[in-house]
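> Dropping a structure here in structure tokens format, bear with me for questions.
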Amino acid sequence: MKTVPIQPLPRSTALAATPWRFAHLMNAPHRLAFAAGAAMLAVTGLWWAFALIARQAAFTLPWVVSPATAHGVVMALGFMPFFITGFAFTAGPRWLGLPEVPTRMLRAPLLSMLAGWAAALLGFHVAAPLAAAGVATVALGWSAVVHRFVGLLRASSAPDKLHPRLLASTAALGALALWAAAAALALGDDTALSAATRLALWGFLAPLFVTVAHRMLPFFTASALPLQRAWRPNALLWAMLVAPVAELPFALAELWWWPLPPAARWAQAAIELPAALLLLWLAVHWGLVQSLKIRLLAMLHTGFLWLGLSFALGAVSHAMMAWRGPEHSLGLAPLHALTMGYLGSTLLAMATRVTAGHSGRPLAADDIAWVLFWVLQIAVLLRLAGALWPAASAPLLLAAAAAWAVAMSGWALRYGRWLGRPRADGRPG
């Protein structure tokens, strides 16, 4: 009988089969930050889905703060800062013309943030002081991250530091929002806690994501579609930032002066409508239609499309409130088009791109990533339907939370495994 020699596994296959180890997370800043973010994505998605299931089943889940307020704080600030950290310390040094940073400089802040959220999630159900201490621990960790990024800015002699400066400025507002949330929890003030969440959304997350979109989306598109020009003048960035920044005073004012007078709502709609037209035009101009033949690029462009749609919905909703009264609106549909649609879709697309590219794998969205992305889109549509159809809101909200949990937990399981293994191409990092 002829003996057939056993062929060794290809190097990429052998590396992919290497056991997951925490030590591999220290190989690059995005590994440790994204792994922590993936854990928070899965935990928070399952936490909120369970909370809605318990409510639907008439099971009394203990809460020491308003469930809606806790949900807002966690979904705004629970996982986003981890992914922002990974991106900022991967792309940031390149933008600033600096060498790569060691992961160890981020280990303590990231672990502080993880520990803080573990305490806060428990504290929301059992003790407000525990929740306050947990969010303060998160704020301490995020403040340290911001301080380290500002250090990179100061060390850089790059001629163009506009985008990194905006990133640092909005991240600093995120730190302020976290400290304000910790103080509100300590004082037992739900309104102040809502204000901190709105500061996080309109002063931190939305402007930061818009800044990164202006810098990266045209670049990614031109790299994949050579006939598409990377058009992104700085004046366009300032125009894009007007709407989210202008939303902040309205969002804060309505917490204390509800209902806002019709004149204020007309003014809000007057800002949102041109912003929506600009952003929807820009989505098309930047290559939305052309991107549809490349999955990963389509994910990024679909996320950006939700930004324009969110302001269009906001303009309609606030015009209805100004014309017919505060009880007539689109409810939370504009908000969730922004948060789940724009921020959630962009997060999933960008994290997939960075994780795939920096793990030595093809820079593409495979079938698993594509399915998870469309499960997320279903979650967004279900959540918007729940806002627009109040009579059926309970099952729609539960279905939306379940779809969100599936998409985010699925992403965490799939890509979290990559983060704890060596690169598939054998290169360092």
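> Who wins for biggest fluctuation among GLY416, GLY97, GLY386 in a Gaussian network model of the chain, springs between alpha carbons below 10 Å?
It is GLY97.
> For the chain, what is the calculated [θ] at 222 nm in deg cm²/dmol (nearest 500), taking -39500 (n - 2.57) for each run of four or more DSSP H residues and dividing by its residue count?
-25000 deg cm²/dmol
> Once you place label points 7 Å from the Cα toward the Cβ at SER223 and ARG324, how far apart are they in nm?
So the two model labels end up 4.7 nm from each other.
> Moving to a separate point now. May I have the pair-distance distribution P(r) for the chain, computed from all Cα-Cα distances with 20 Å bins from 0 and rounded to whole percent?
25, 60, 14, 1, 0
> Compute the angle between helix 162-187 and the longest alpha-carbon principal axis of the chain, please, reported from 0 to 90 degrees and rounded to the nearest 10.
Helix 162-187 and the main axis of the chain meet at about 60 degrees.
> Taking 7 Å along the Cα-to-C-beta vector as the label spot, tell me the ALA68-GLU100 distance in nanometres, rounded to one decimal.
Reported label-point gap for ALA68 and GLU100 is 4.7 nm.
> Just to be sure I understand the model, the point goes 7 Å from the Cα along the line to the Cβ. What's the resulting ARG427 to TRP266 distance in nm?
5.8 nm
> Pick from VAL73, VAL212, VAL284: which is most flexible by mean-square fluctuation in a GNM of the chain where alpha carbon atoms under 10 Å apart are linked?
Most flexible of the set in this elastic network: VAL284.
> Tell me the trypsin sites (Lys or Arg not before Pro) within the stretch 293-355 that lie in a loop according to DSSP and have at most 12 other beta-carbon atoms within 10 Å.
LYS293
> With axes computed from alpha carbons, what is the tilt in degrees of helix 128-155 against the longest principal axis of the chain, rounded to the nearest 10 within 0 to 90?
60 degrees
All of the numbers you see were taken from the coordinates with simple rules; none came from a lab. All values reported here derive from a predicted model rather than from experimental measurement. Here the Cβ is made from the backbone with ideal geometry for all residues, glycine too, and neighbour counts use every protein chain on show.
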